[in-house]
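> Take this structure, written in structure tokens, and hold onto it; I'll ask about it next.
The values are calculated or read from the model by the stated rules, or taken from the named source; none is laboratory data. In this text, all values refer to a predicted model and were calculated from it rather than measured experimentally. Here Cβ is always computed from backbone atoms with ideal geometry, including for glycine, and neighbour counts include all displayed protein chains. Note: accessible area is taken over every heavy atom of the protein model, side chains too, but ligands, DNA and RNA are not part of it. Shrake-Rupley method; radii C 1.70, N 1.55, O 1.52, S 1.80 Å.
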Amino acid sequence: MSAITNVPERITKTIAGTAEEQQFLQELIAAGLLLPSGEPGVYGRGMVFEDVRNRFDELVTRTGLPDQPERPRFPPILPRRTLEKAGYLKSFPHLCGAVFSFAGNEREAMSLVECASNGADWSGFLSMTDVVLVPAACYPAYPAMALRGPLPKGGVTLDLGGSYVFRNEPSGDPARLQMFHQREMVRIGAEEDVLAWRDVWMKRATGIFQQVCLDATLDVASDPFFGRGGKLLAKNQLAQGLKFEVLVPIASPGPTAVSSFNYHQEHFGTAFGITQHDGSVAQSACLGFGLERITLALFRKHGLNPSSWPTEVRTVLWSA
Ligand code: ZN
């Protein structure tokens with residue numbers, strides 16, 4: 001551990017993860033793959049890390065080409081109203097990130113600066129803005145699709161790229177980041193089309209993980225809903241098979257979810273008023289690849305230097 005000299009003190013102090021997670025994190029930092037910020041779960045990414053992440057991202061793009069998706073892009077913030085309408089606060093208030101800013105006068109600004117420089121709590125000087133950090137990359141897509149009017153026959157398929165999303169869960173586990181790239185695809189339309197698309201992608205994803213030689217398992221899953229009511233929601237989600245996850249080993253005691261396949265039924269169609277060509281409420285499904293987690297899983301499995309990875313993995317990621 002003597003090689004790790006420039007990890008900010010705070011990160012080594014506040015790190016809470018298993019010994020194995022901590023060790024993996026320190027190896028990643030020592031290799032220049034992750035650049036610590038001083039805040040758990042907030043890292044810069046070195047060039048080699050980014051190269052692998054982008055190569056995997058391109059593999060997902062190639063796999064989705066037969067769908068001929070639209071490729072809109074959205075910033076990593078969205079109107080607060082969208083988060084409220086989507087019902088996020090009911091299910092995940094503990095994970096949300098709202099943007100606050102200062103709207104006072106000069107005197108109050110001076111007090112704010114003084115307060116902050118004394119290390120005191122300066123949140124009382126701020127007020128809520130109309131934007132929040134995007135918690136799931138598909139959220140901005142629903143109001144945008146609703147605004148276009150009824151969907152064409154056959155619905156729409158969207159490839160949203162790898163957008164940054166925020167989750168308020170600081171952790172010493174390098175696989176649990178506060179901000180990470182979620183590579184999302186969305187299908188909106190009739191029930192049978194949406195479900196068939198999700199099935200196809202579960203098979204495709206299994207194939208992708210096989211190609212890069214990760215030990216992936218697909219399983220039915222539930223979201224980390226908040227509170228007592230959340231337990232019921234999670235049970236219901238499991239029973240109805242609304243969510244599936246691909247799990248791979250990283251550094252945690254159990255395997256880590258790296259990809260999810262979510263059937264929303266009419267949830268977003270109703271919340272945002274998305275209708276099909278015949279006027280009925282549209283259904284939707286989305287899938288997400290957690291790009292940093294997958295990149296970490298690749299480093300964990302194949303070693304910290306991609307030039308010595310197995311030829312079959314290198315061929316799949318670097319040949320196209
Ligand atoms: Zn989604």
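> Can you tell me which of LEU126, LEU147, LEU160 is among the aliphatic types (A, V, I, L, M), over 17 Å from the mean Cα position of the chain (by Cα) and either open to solvent by 50 Å² or more (accessible area, probe 1.4 Å) or closer than 23 Å to PHE56 by Cβ (or both)?
LEU147
> Sticking with this one: Could you count how many residues in the range 220-252 are acidic (Asp, Glu) and modelled with pLDDT under 95?
Looking only at that region, the number is 1.
> So, one more: Restricting to the range 291-320, name every residue that is within 16 Å of the ligand (Cβ to nearest atom) and open to solvent by less than 50 Å² (accessible area, probe 1.4 Å).
Scanning the range 291-320 gives a single hit, LEU291.
> Sticking with this one: If you take the residues in the range 265-290 that are assigned to a strand (DSSP E or B) and open to solvent by less than 30 Å² (accessible area, probe 1.4 Å), which one is farthest from the ligand (Cβ to nearest atom)?
Going residue by residue through the range 265-290, those that are assigned to a strand (DSSP E or B) are 265, 275, 281, 283-290.
Okay, now just the ones that are also open to solvent by less than 30 Å² (accessible area, probe 1.4 Å), so 283-290.
Numbers: GLN283: 14, SER284: 9, ALA285: 9, CYS286: 3, LEU287: 7, GLY288: 6, PHE289: 11, GLY290: 12 Å.
Among those that are assigned to a strand (DSSP E or B) and open to solvent by less than 30 Å² (accessible area, probe 1.4 Å), it is GLN283.
> With respect to PHE74, determine if the residue is within 16 Å of the ligand (Cβ to nearest atom), among the hydrophobic types (A, V, I, L, M, F, W, C) and on the phi < 0 side of the Ramachandran plot.
Here the answer is yes, as PHE74 does meet what is asked.
> I'm told GLY32 meets every condition in (1) without any contact (Cβ under 8 Å) to a residue 60 or more places away in the chain; (2) among the small types (Gly, Ala, Ser); (3) open to solvent by less than 40 Å² (accessible area, probe 1.4 Å); (4) on the phi < 0 side of the Ramachandran plot except one. Can you identify the failing condition by its number?
The failed condition is (4).
> Just wondering, is there one or more residues in the range 182-198 that are farther than 23 Å from SER284 by Cα, assigned by TED's automatic domain parsing to the domain that holds LEU296 and away from the ligand (no atom under 16 Å from the Cβ)?
Looking through the range 182-198, none of the residues is farther than 23 Å from SER284 by Cα, assigned by TED's automatic domain parsing to the domain that holds LEU296 and away from the ligand (no atom under 16 Å from the Cβ).
> Would you check if PHE209 is in the same structural domain as GLY44 (by TED's automatic domain parsing), more than 16 Å from the ligand (Cβ to nearest atom), closer than 21 Å to ILE294 by Cβ and among the aromatic types (Phe, Trp, Tyr)? It would help to see each step written out before you state the result.
On the way: in the same structural domain as GLY44 (by TED's automatic domain parsing): yes; more than 16 Å from the ligand (Cβ to nearest atom): yes; closer than 21 Å to ILE294 by Cβ: yes; among the aromatic types (Phe, Trp, Tyr): yes.
Answer is yes for this residue.
> Also, I was wondering about something else. Cβ contacts < 8 Å: first residue under 30 Å from GLY230 (Cβ atoms), restricted to the range 95-124; second residue open to solvent by less than 60 Å² (accessible area, probe 1.4 Å) and hydroxyl-bearing (Ser, Thr, Tyr), any location; separation 6+ or different chain. Result?
So the pair list comes out as CYS96/TYR88; ALA98/THR129; VAL99/THR129; PHE100/SER127; PHE100/THR129.
Here's the yes/no breakdown for (1) in contact (Cβ under 8 Å) with a residue 12 or more places away in the chain; (2) over 18 Å from GLU266 (Cβ atoms); (3) open to solvent by less than 20 Å² (accessible area, probe 1.4 Å):
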{"position": "PRO152", "(1), (2), (3)": "yes, yes, no"}
{"position": "ASP173", "(1), (2), (3)": "yes, yes, yes"}
{"position": "PHE180", "(1), (2), (3)": "yes, yes, no"}
{"position": "VAL194", "(1), (2), (3)": "yes, no, yes"}
{"position": "VAL200", "(1), (2), (3)": "no, yes, no"}
{"position": "ARG204", "(1), (2), (3)": "yes, yes, no"}
{"position": "GLN210", "(1), (2), (3)": "no, yes, no"}
